[in-house]
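Chemist: Take this structure first; my questions come after.
Computed from the coordinates by the stated procedures, all read-outs in this text should not be read as laboratory data. The structure presented is a predicted model; accordingly, all values stated were derived computationally and were not measured. Please note: Cβ atoms are built from the backbone with ideal geometry, for glycine as well, and neighbour counts cover all protein chains shown.
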Amino acid sequence: MKKKVICLLPNGYFCAIILAIWGVDSMGKRRAFYSLFLRDSNKPGGNACVPGVRTIHREGMLAFPGGELYARRGKGNFPSGACRGNERVSVSLRIHRAGCAPHTNTSGKAGWTMKAFLILEDGTVFTGQSIGADREVISEIVFNTSMTGYLEVLTDPSYAGQAVVMTYPLIGNYGICTKDMESERPWPDAYIVRELSRIPSNFRSEGTIQDFLLKYNIPGISGIDTRALTKILREKGTMNGMLTTNEKFCLEEVLPQIAAYRTGKVVEKVTCAEKYVLEGDGPKVALLDLGAKRNIARSLNARGCQVTVYPALTKAEEIIADAPDGIMLSNGPGDPKECVSIIEEIRKLYQTDIPIFAICLGHQLMALANGADTYKMKYGHRGGNHPVKDLKTGRVYISSQNHGYVVDTKNLDASVAVPAFTNVNDGTNEGLAYTGKNIFTVQFHPEACPGPQDSGYLFDRFMKMMEVDR
Ligand SMILES: NC(=O)CC[C@H](N)C(=O)O
């Protein structure tokens, strides 16, 4: 995309600029995307409103259809900073209209004009470009190795309270296809990528990651060495980090704040507000929504089940009173040990004879409800290629995973449960079969999305358990 800066004038605290931005649209046609005339609103006549004229009232961001303009004091990337005394005012422009190149900036170089910094708890600083919302955030930094399925990752509620690094180097190339969303919104606190696709290309695409992040006020960073970042997280373990666009951050001040961050109780944030039903003619399944990915209900619905989705804090008595044929405990965010009251209710569900199938957080909570322990792994399992072994058959399945905690099987009481699956890479537990009960639970994601569907047969196993019981 080419741009033309017609003039840039010092004008009091802020500046007046005229920009005519030319580019090539998704059909390859050259056209003007926008032109702006910004001026100091404090000047007489400064608010004159003619088509294309916008005023910026303070240091900060001015959003306009298809982009934003940033004005800030201090050094910037804009080719000619406007001066007032010795003070520089820098202006940067970001265009994110669907179909046009979001990597264009006013200096004509590739990459965003607005710098962003990822500061790790250990003091490592990565410098890249701001994507998404311009908002400072502290979170736990985790990495996901999936090569596709970035939208499913973004909308997986299990990422609430975490910032996600995508290790695959190019993200966003098939756009945003809202039908693929695993919940109604994206959940990570921040999004970290090597490179964002310039022009999404896909007949199903409805937008760009950039717009999507902005819509949900999620900040992000691109243009950093995500391989180096991932190596740090893998060698030192998952750690907290801060994402900021403030170039003047003081490391000594922010490091203690970063270290103090805790994910906290996040299940309450992501669960549904009210119970709802997805109709079906088959068995009645009660799905406890701890931050459920949509494909869990979809997988059950596709097998004919009538799925009733319950908020995470529903009392066991209410679920039991509805007489379901089976209970499904979903995935969800955070440390399982934070879910004290939910564990109590799950213990009551265990005591019934209703068949139960649980995934990820549900699996961890069922284990905790029965006296087992969980611990945090060094850097977790997040991606679409984790081999898990069915201990009964010896067969290995490639699974989709997203978890930082795991059930400790060291002191597992065999009269309660026995390991059913194990991770081939590191030997950690991937599933339990409950002794004398119609209950089995897995740490990985048979609902996939994103990831391989090898283990989808576990939903069929659950169907059989309900048939026997009906
Ligand atoms: N996907 C999940 O359910 C994750 C469970 C839990 N929050 C963990 O990180 O281990």
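Chemist: How far, in nm, would the chain grow between residue 322 and residue 204 when pulled straight, counting 0.36 nm per residue and subtracting the alpha carbon separation?
Modeler: 38.5 nm
Chemist: Would you order 449, 305 from fewest to most other beta-carbon atoms within 10 Å of each residue's own beta-carbon?
Modeler: Lowest to highest Cβ neighbour count: 449, 305.
Chemist: Something else about it: If each of residue 353 and residue 257 carries a label point 7 Å out from its Cα toward its Cβ, how far apart are those two points in nm?
Modeler: Distance between label points: 5.8 nm.
Chemist: Whole-Hz ³J(HN,Hα) for each residue in the range 231-240, computed from phi via Karplus 6.51 cos²θ - 1.76 cosθ + 1.60 with θ = phi - 60°, x for glycine and proline: what do you get?
Modeler: In residue order, the calculated couplings are 4, 5, 5, 6, 7, 9, x, 3, 9, 7 Hz.
Chemist: Residue by residue through the range 439-444, which ³J(HN,Hα) values in whole Hz follow from phi under the Karplus form 6.51 cos²θ - 1.76 cosθ + 1.60 (θ = phi - 60°), with glycine and proline marked x?
Modeler: 9, 9, 9, 10, 7, 8
Chemist: Which of rounded, prolate, oblate describes the range 141-182, given a ≥ b ≥ c as roots of the alpha-carbon gyration tensor eigenvalues and a/c under 1.5 marking rounded, otherwise prolate only if a/b is larger than b/c?
Modeler: Oblate is the answer for the range 141-182, as a/c is 1.5 or above yet b/c matches or exceeds a/b.
Chemist: Compute and list, largest first, the equivalent-ellipsoid semi-axes of the range 257-402 from the alpha carbon gyration tensor, each √(5λ) rounded to a whole angstrom.
Modeler: 25, 20, 16
Chemist: Using the alpha-carbon centroid of each, what span in Å lies between the range 432-447 and the range 179-216?
Modeler: Cα centroid to Cα centroid, the span is 33 Å.
Chemist: While we're on this one: Out of the trypsin sites (Lys or Arg not before Pro) in the range 218-250, which ones are loop residues according to DSSP with at most 13 other C-beta atoms within 10 Å? Before the final figure, lay out each step's value.
Modeler: On the way: sites: 227, 231, 234, 236, 248; in loops: 248.
Qualifying residues, ordered by number: 248.
Chemist: Considering amide H positions built from the backbone, and no H for Pro or chain starts, which residues 5 or more places from residue 278, or on another chain, come under 5 Å of its amide H?
Modeler: The answer is 307, 308, 309.
Chemist: Once Rh is set to the Kirkwood radius over Cα pairs, what Stokes-Einstein translational diffusion coefficient, in µm²/s, holds for the range 115-260 at a temperature of 10 °C and a viscosity of 1.306 mPa s? Mind dumping the intermediate values first?
Modeler: Details: Rh = 15.1 Å.
Using the Kirkwood radius from Cα pairs, D works out to 105 µm²/s.
Chemist: Between residue 375 and residue 398, what is the label-point separation in nm under the 7 Å Cα-to-beta-carbon projection?
Modeler: Distance between label points: 3.0 nm.
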